[in-house]
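The values are calculated or read from the model by the stated rules, or taken from the named source; none is laboratory data. Since we're looking at a predicted model, the values are computed, not measured. We place every Cβ from the backbone using ideal geometry, glycine too, and count neighbours over all the protein chains shown.
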Amino acid sequence: MSYSFQFSPYRRRFKRPLTTHHGVWSVREGVILRLASATGAIGWGEIAPVPWFGSETVEQALAFCCQLPTDLSESEILLVPDSLPACQFGLESAWEEIQNSKFKIQNSKSPALSYSRLLPAGEAALSAWKMLHQQGFRTLKWKIGVEPIAQEL
């Protein structure tokens, strides 16, 4: 099966910059992907590399997307090189969404999904989690290793 392929880069500022062991992270960059099957099923994916985790850069991801044809075969989607893990994830996520759409029941209502949320670093997390829990979030992520070890302990 063939899938039409489109992509669009993005660059967005975080509401609050994120402090990591690698420094302050204030802008998120990536690429939104769209695959469409001949039957009209749509799948969305995102390439959002974090180079300091060992992934490709946004520039490498864009270069990869630019060289792809506008019609992709299933084998082209599944043969993204291992050196481009964020590209693999983005394309395969879009492809999986199309595959899973074959099994959806018409007019069925699924429960709304609650996604995880990131707690602020340091002591602010000790009070921030309560509001998020009240909003229905049950998976919270707390970055550690941001401050000196003596301070975090």
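On the given criteria, is residue 75 surrounded by fewer than 16 Cβ atoms within 10 Å (Cβ to Cβ), of a type in the set (S, T, N, Q) and free of Cβ contacts under 8 Å to residues at least 12 places away in the same chain?
yes
I'd like to know if the range 14-35 contains one or more residues that are assigned to a loop (DSSP other than H, G, I, E, B), out of contact with any Gly (no Cβ under 6 Å at 6 or more places or on another chain) and modelled with pLDDT of 95 or more. Don't jump to the end; show me each part of the working.
Taking the range 14-35 and keeping what is assigned to a loop (DSSP other than H, G, I, E, B), we get 21-22.
Applying the additional criterion that residues be out of contact with any Gly (no Cβ under 6 Å at 6 or more places or on another chain) yields 22.
Narrowing further to those that are modelled with pLDDT of 95 or more: none.
No, the range 14-35 contains no residue that is assigned to a loop (DSSP other than H, G, I, E, B), out of contact with any Gly (no Cβ under 6 Å at 6 or more places or on another chain) and modelled with pLDDT of 95 or more.
Exactly one of these conditions fails for residue 82: (1) in contact with a helix residue (DSSP H, G or I) (Cβ under 7 Å, 6 or more places away or on another chain); (2) surrounded by fewer than 12 Cβ atoms within 10 Å (Cβ to Cβ). Give me its number.
(1)
Okay, residues lined up against (1) more than 30 Å from residue 142 (Cα to Cα); (2) exposed (fewer than 13 other Cβ atoms within 10 Å of the Cβ):
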{"residue": "9", "(1), (2)": "no, no"}
{"residue": "15", "(1), (2)": "no, yes"}
{"residue": "20", "(1), (2)": "no, no"}
{"residue": "23", "(1), (2)": "no, yes"}
{"residue": "27", "(1), (2)": "no, yes"}
{"residue": "30", "(1), (2)": "no, no"}
{"residue": "34", "(1), (2)": "yes, no"}
{"residue": "39", "(1), (2)": "yes, yes"}
{"residue": "42", "(1), (2)": "yes, no"}
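Among residues belonging to the range 44-61 that are in contact (Cβ under 8 Å) with a residue 40 or more places away in the chain and surrounded by fewer than 16 Cβ atoms within 10 Å (Cβ to Cβ), point out the one that is farthest from residue 151 (Cα to Cα).
Among residues in the range 44-61 that are in contact (Cβ under 8 Å) with a residue 40 or more places away in the chain and surrounded by fewer than 16 Cβ atoms within 10 Å (Cβ to Cβ), the one farthest from residue 151 (Cα to Cα) is 44.
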